[in-house]
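J.: Here you go, one structure.
The values are calculated or read from the model by the stated rules, or taken from the named source; none is laboratory data. Nothing here was measured: the structure is a model prediction, and the numbers come from that model. In this analysis, Cβ positions are derived from the backbone assuming ideal geometry, glycine residues included, and neighbour counts consider all displayed protein chains. The protein model used for the area step is the full one, side chains on, heavy atoms only, and it has no ligands, DNA or RNA in it. Shrake-Rupley method; radii C 1.70, N 1.55, O 1.52, S 1.80 Å.
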Amino acid sequence: MERNLHYFVSDVHLGLQVGDAAARERKFASFLASLPQNTKALYLLGDIFDFWYEYRNVIPRRFTRTLGALASLVDRGVEVYFFNGNHDIWTYGYFEEELGIKILSQPHFTEIGGKVFCLGHGDGLGEGDLGYKLLNWGFKNRFLQWLFSGIHPRWAFALAHMWSRHNRLAHQENPWQWRGKDERIVKYAEQLLKGGRKVDYFIFGHFHHRTSMELENGARMFIMGEWIHDFDYVVFDGQECHSLNME
């Protein structure tokens, strides 16, 4: 008997003009179309889009293949869930109403196949990093969003993509290093476990660093890489999780 499969993917950054952006979307749409018939659910753990902002009557152009592939998955009965990342925070109903995708907030705890999962994009979880949390609060503030919505989409999207590209180039000059057990997200997970929260798997994106590590009490954490170079995803086969790569 085939077990239901659950897929997890993040940080595709569709629309980012680094490398071959069009080829990246074709690859991601191909991945979505290739999910087997026994796929139960797909979890999109943030930053699927490098920038996404819905005006009342305007949504971003491009991404036709991806949106069509997601709609096809929903139509065939796959449960598709979307977490807002720090690049695609601004969703206001299009995914739910037009595509049938369900929006979830981090940290999201759910039981799958008898295992407890803690899911999210991963940004801002844990203690510290107050500067980032303040910036994220501003992004989510309804009044500031209303002010931003007054900017013509032509300029709003140009500004957002310019800022994203600038940040990426800055990180190339001063690359961020994964700190293992000292990383905030790892400390966050271990504090939950020490506090008595039962979790078997933690799965996050955001860090663009593919890793799988064992935590206390036998729990395991998966951090997925990005799709600019690595094409990473995680699949739960009903018994355990596997970190895979789409060649």
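J.: Given the structure, is F143 modelled with pLDDT under 80 and not acidic (D, E)?
T.: In short, no.
J.: What strands (runs of 3 or more DSSP E), lying completely within the range 170-242, carry at least 2 residues that are free of Cβ contacts under 8 Å to residues at least 60 places away in the same chain and open to solvent by less than 50 Å² (accessible area, probe 1.4 Å)?
T.: By residue number, 211-214.
J.: Which one of T66, T91 is farther than 24 Å from H229 by Cβ, hydroxyl-bearing (S, T, Y) and open to solvent by less than 30 Å² (accessible area, probe 1.4 Å)?
T.: That would be T91, the only listed residue that is farther than 24 Å from H229 by Cβ, hydroxyl-bearing (S, T, Y) and open to solvent by less than 30 Å² (accessible area, probe 1.4 Å).
J.: Those residues that are within 16 Å of the chain's Cα centre (by Cα) and touching a residue at least 40 places away in the same chain (Cβ under 8 Å), I need them from the range 64-81; list them, please. Spell out how you get there, then give the answer.
T.: Pass one, the range 64-81, residues within 16 Å of the chain's Cα centre (by Cα): 66-67, 70, 79-81.
Scanning the range 64-81 gives T66, Y81.
J.: How many residues, within the range 69-88, are hydroxyl-bearing (S, T, Y) and either at pLDDT below 95 or surrounded by fewer than 16 Cβ atoms within 10 Å (Cβ to Cβ) (or both)?
T.: 1
Okay, residues lined up against (1) open to solvent by 30 Å² or more (accessible area, probe 1.4 Å); (2) at pLDDT 95 or above; (3) touching a Gly at 6+ places or on another chain (Cβ under 6 Å):
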{"residue": "S10", "(1), (2), (3)": "no, yes, yes"}
{"residue": "L16", "(1), (2), (3)": "no, no, no"}
{"residue": "A21", "(1), (2), (3)": "no, no, no"}
{"residue": "S30", "(1), (2), (3)": "yes, yes, no"}
{"residue": "A33", "(1), (2), (3)": "yes, yes, no"}
{"residue": "A41", "(1), (2), (3)": "no, yes, no"}
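J.: For the structure I just gave you, tell me whether E25 is of a type in the set (D, E) and more than 15 Å from H229 (Cα to Cα).
T.: For E25, the condition - of a type in the set (D, E) and more than 15 Å from H229 (Cα to Cα) - is not met.
J.: Let me ask something additional. Of all residues in the range 99-116, which are assigned to a loop (DSSP other than H, G, I, E, B), touching a strand residue (DSSP E or B) at 6+ places or on another chain (Cβ under 9 Å), closer than 19 Å to L5 by Cα and open to solvent by 50 Å² or more (accessible area, probe 1.4 Å)?
T.: Listed by number, the list holds a single entry, G113.
J.: In contact with a Lys or Arg (Cβ under 9 Å, 6 or more places away or on another chain), touching a residue at least 40 places away in the same chain (Cβ under 8 Å) and among the hydrophobic types (A, V, I, L, M, F, W, C): is that true of L5 in this structure?
T.: Answer is yes for this residue.
J.: Okay, next question. Among the residues of the range 17-38, are any in contact with a helix residue (DSSP H, G or I) (Cβ under 6 Å, 6 or more places away or on another chain), in a loop (DSSP other than H, G, I, E, B), within 27 Å of F236 (Cα to Cα) and touching a residue at least 24 places away in the same chain (Cβ under 8 Å)?
T.: For the range 17-38, residues in contact with a helix residue (DSSP H, G or I) (Cβ under 6 Å, 6 or more places away or on another chain), in a loop (DSSP other than H, G, I, E, B), within 27 Å of F236 (Cα to Cα) and touching a residue at least 24 places away in the same chain (Cβ under 8 Å): absent.
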